[in-house]
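The values are calculated or read from the model by the stated rules, or taken from the named source; none is laboratory data. What you see is a predicted model, and the numbers here were worked out from it, not measured in a lab. Cβ placement follows ideal geometry from the backbone for every residue including glycine, while neighbour counts extend to all protein chains displayed. Side chains included, ligands, DNA and RNA excluded: accessible areas come from the protein's heavy atoms. Shrake-Rupley method; radii C 1.70, N 1.55, O 1.52, S 1.80 Å.
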Amino acid sequence: MKQKRKVAIICSIGAIIAIVFGISYALFSEILLGEKHYVLENNGLKIYLDESKHEENIHIENMFPTLDKDGMKNTAYQFSLVNESPVDLEYTIYLKEEQIENKTPSNFIRYHYTRDRDDIKITRTITENIKNESYYLESGIIASNTSYHYTLRIWLDYNADNSAMNTSYSVHLEIDATQTSGVYKEAILQGTDPVLTENLIPVIIEDSGVVRKADINEKWYSYEEKIWANAVVLTDKTITYKENEQIPEENIESYFVWIPRYKYKIFNDTIYSGLTTIENRVQEIEIAFENKEMQPSDGTKKDSWLTHPAFTTFDSNGFWIGKFESGYKGATTSSSSEINSNDSTKLIIKPNAYSWRNISVGNAFKVSYDYLREEDSHMAKNSEWGAVAYLQHSKYGSMTSVRNNNNSSLKTGYASVEEPTIGFSATSVAQNLFGAESSITLPYHTETGYLASTTGNISGIYDMSGGSWEHVAGYNTKATTTSDKSNITNVYKDFFTNDVWKVYYDRYSNDSGEIVKYEIGLLGDATREMGPFGGVKDTDTVVRNRTSWYGDLAHSVSNTHPWFERGGSYNNGSAAGVFAFSREEGQAHQNITFRVVLTPQ
């Protein structure tokens, strides 16, 4: 990495705003005097500071305590970051205090900014004090030929004490920028690009299923184009592959897909006491990518923004999730993959594999936890399933009902040739729930197979609709069962008492045995917000357990069945789906498998 050099712009007489940025490939400096509109250009990178619209700079004198709603009406200081260079740039923006006499303590200063780029807007309100004479505002990647436009407001906290009044406060901006060293990063992801390690080999999967090592200096994923990032774990990790070289299937142990960190707009926060009508409200889920250095959004009401809890729990920029249901290494028949053990060396995550079933929650949890400890591997949580489901139903995913895997041999990565129809009679509903599967099924690398992916193409995640039900780490703390059928306390005696385990499972509270109780769900887990908005009717009667989106199954965890399971079974027909959820005791079952998540930092 070349050493960064800093360049400064010093503004006109009385001005107190300076913009500093570093570049890795050149050195340039200039002092500009007597101007109201400043532009610095170097190799296509431009910084604009427009003072012509303001009577003052970022400076407040004789301040008085101000309510946030009034502070948001203050004059907005405007500046722009424009990248006209042929390369993407990484940047960080800071606020830095000026050294002045009779200065307001920074812990009483609040500020707010917005950034616009085409259809993307980020809003952040800061309530923390400015630390070490500078405070991080934001960072990310600005793509070639891209412009960001900012507005910034500052004001004195309404709760400030007398020491902050009748004093002055001023800050200037500092911006560090460096070339991205040729590594491809997608601007729209805001720095939540895939985290790669020695274990995770970035790959491009061709439509035919051929896997090639990705050249990370080139474009190998694009969430804007619904092409999600894929990586594989090798069976023989001593083998090194060149960029674009084919990786043979026999040397792939597991496939993973990257889920970037994002916030989403809450679309349903209603608490339901009962269901009398069907309201089909399937819709696009609005999301915006944001890295973990950005202030998390903490909305709780409809139309407010919430950073998805699956990311804040681990304070991560995203996670890798198994591209397929977990399989059992060496299984040659469906029955030979029904093993209730916790030997993580038997785990594979591959297409055309027999899914690992008849395994308890406890053993599935241990297999997942032990698989790649250095990458913080664990069994998928209910909220992580929800994070995938919401991304799938955003503009970055297929945003439709995912075709179900109806393979009766319970092999991974298959798709039903025909879309299951939603039954509206008692007979058809019963068939869809208990065995109306088609015998015609096609693998993941076919035009039909793509429909069973979360993206509608081969880059997405499979088996989230149909295949086998999947254990997820979501537990009802009001469970009244006298025995632990999940086996979790036999594997980890302190599982429910030691706080170290709490990040690895979502907790629910339901002391009833009601079949559908949406209000106990958590925001973001693809249960609470899904219904009852997609019900199926038997004549004029609503089938209450078919009320998730697309008429997917909806069974809430209860005091007797405390563990969540997701996705549905191969023979559930239209009742299976990404938004299907049900409950279980956590025991081993011949039609329940699990999925693995990695959270490398």
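Fully extending the segment from residue 61 to residue 176, taken as 0.36 nm per residue of separation minus the present Cα-Cα distance, adds 38.5 nm. Close amide H partners of residue 402, meaning residues 5 or more places away or on another chain with modelled amide H under 5 Å apart, are 578.
Kirkwood hydrodynamic radius of region 443-523, from the reciprocal of the average inverse Cα-Cα distance over all distinct pairs: 15.9 Å. Shape summary of region 187-285, radius of gyration then Dmax from alpha carbon positions: 19.1, 60 Å. Taking 7 Å steps out from each Cα toward its Cβ at residue 419 and residue 303 produces label points 3.1 nm apart.
Over every pair of different alpha-carbon atoms in region 472-601, take the mean of 1/r and invert it; report that Kirkwood radius in Å. The partial results should precede the final answer.
Working: mean 1/r = 0.0644 Å⁻¹.
When all Cα pairs of region 472-601 are included, the Kirkwood radius is 15.5 Å.
Close amide H contacts of residue 338 (hydrogens built in the peptide plane, cut-off under 5 Å, sequence separation of 5 or more or a different chain): 357.
Where the alpha-carbon atoms of region 540-601 are placed on the principal axes, they occupy 50, 26, 24 Å, in descending order.
Treat region 276-428 as a sphere of radius equal to its Kirkwood radius over Cα pairs and apply Stokes-Einstein at 25 °C in a medium of 0.890 mPa s; give the translational diffusion coefficient in µm²/s, rounded to a whole number.
Answer from the Stokes-Einstein relation: 134 µm²/s.
Beyond 20 Å in Cα-Cα separation lie the following of the pairs 226/323; 185/292; 219/242; 219/411; 185/226: 219/411.
For residue 517, the residues 5 or more places off, or on other chains, whose built amide H falls under 5 Å of its own are 556. What a 1.4 Å probe finds exposed on region 280-408 is 42% carbon and sulfur by accessible area, rounded to a whole percent. For the pair residue 481 and residue 70, label points projected 7 Å from Cα toward Cβ lie 5.8 nm apart. Phi-derived couplings, Karplus 6.51 cos²θ - 1.76 cosθ + 1.60 at θ = phi - 60°, listed residue by residue for region 576-581: 7, x, 4, 9, 7, 8 Hz, with x used for Gly and Pro.
From Cα pairs below 8 angstrom and at least 6 apart in sequence, can you work out the relative contact order of region 249-340, rounded to a whole percent?
Values: 106 pairs, mean separation 36.2, N = 92.
RCO, region 249-340: 39 percent.
Just subtract the alpha-carbon distance of residue 336 and residue 219 from 0.36 nm times their residue separation and send over the number in nm, one decimal.
38.1 nm
Couplings 3J(HN,Hα) for region 89-95, derived from phi with the Karplus relation 6.51 cos²θ - 1.76 cosθ + 1.60 (θ = phi - 60°), are 10, 8, 9, 9, 10, 10, 9 Hz, where x marks Gly and Pro.
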